[in-house]
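The values are calculated or read from the model by the stated rules, or taken from the named source; none is laboratory data. Source: prediction; values computed, not measured. When we count neighbours, we look across all protein chains shown, and the Cβ atoms used for this are built from the backbone with ideal geometry, even at glycine. Surface accessibility is based on the protein's heavy atoms, side chains included, excluding ligands, DNA and RNA. Shrake-Rupley method; radii C 1.70, N 1.55, O 1.52, S 1.80 Å.
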Amino acid sequence: MKKQFFVLAAALFVMLGSAQAQGGGMQRQTPEERAAAVLAKIDSAFKPTDAVKASVKTIFVDYYTAQQKSMEEMRASGNMDRDAMMAKRKELTEARDVKLKAVLTAEQMKTWTEQIEPGMRPQRRSN
């Protein structure tokens with residue numbers, strides 16, 4: 001009886017560990033939390049003024065909110081066309097970059113595109 005209990009407990013432990021490793025129970029970040037993470041990376045790469053920080057934060061909150069809304073609309077319509085999602089994401093990203101260019105200096109924009117942005121792209125899981 002004890003042996004069966006320990007086997008059951010070990011199996012339960014393994015299943016719970018596996019669920020956590022796969023991101024089970026994790027919630028998505030809000031657009032404000034995502035924008036704050038980007039702003040922290042920008043702040044560590046170069047020191048923007050408070051006015052620039054406020055503008056950049058607004059740009060990213062708007063960007064992530066639009067991105068989230070777009071995904072929710074696609075899910076609600078049942079149209080999860082990968083090409084359409086990629087096109088919409090590209091459109092939103094280009095609009096975001098136009099706004100960033102208006103706020104950041106040329107050097108800051110270069111730092112953004114070469115150092116920070118590549119690290120912000122979603123990573124694919126390798127299974």
query: For residues in segment 45-67 being among the polar types (S, T, N, Q) and surrounded by 15 or more Cβ atoms within 10 Å (Cβ to Cβ), which is nearest to Glu32 (Cα to Cα)?
result: Thr65
- prompt: Out of (1) among the small types (Gly, Ala, Ser); (2) surrounded by 10 or more Cβ atoms within 10 Å (Cβ to Cβ); (3) within 20 Å of Ala40 (Cβ to Cβ), what's the single condition that is false for Ala95?
  reply: (3)
Residue check, Met80 assigned to a loop (DSSP other than H, G, I, E, B) and hydrophobic (A, V, I, L, M, F, W, C): yes
statement: Within segment 1-44, of all residues that are open to solvent by 100 Å² or more (accessible area, probe 1.4 Å) and polar (S, T, N, Q), the one modelled with the highest pLDDT is Gln29
task: Spot the failing condition for Glu73; the list is (1) of a type outside the set (A, V, I, L, M, F, W, C); (2) exposed (fewer than 15 other Cβ atoms within 10 Å of the Cβ); (3) under 17 Å from the mean Cα position of the chain (by Cα); (4) under 17 Å from Pro31 (Cα atoms), and only one is missed.
output: (3)
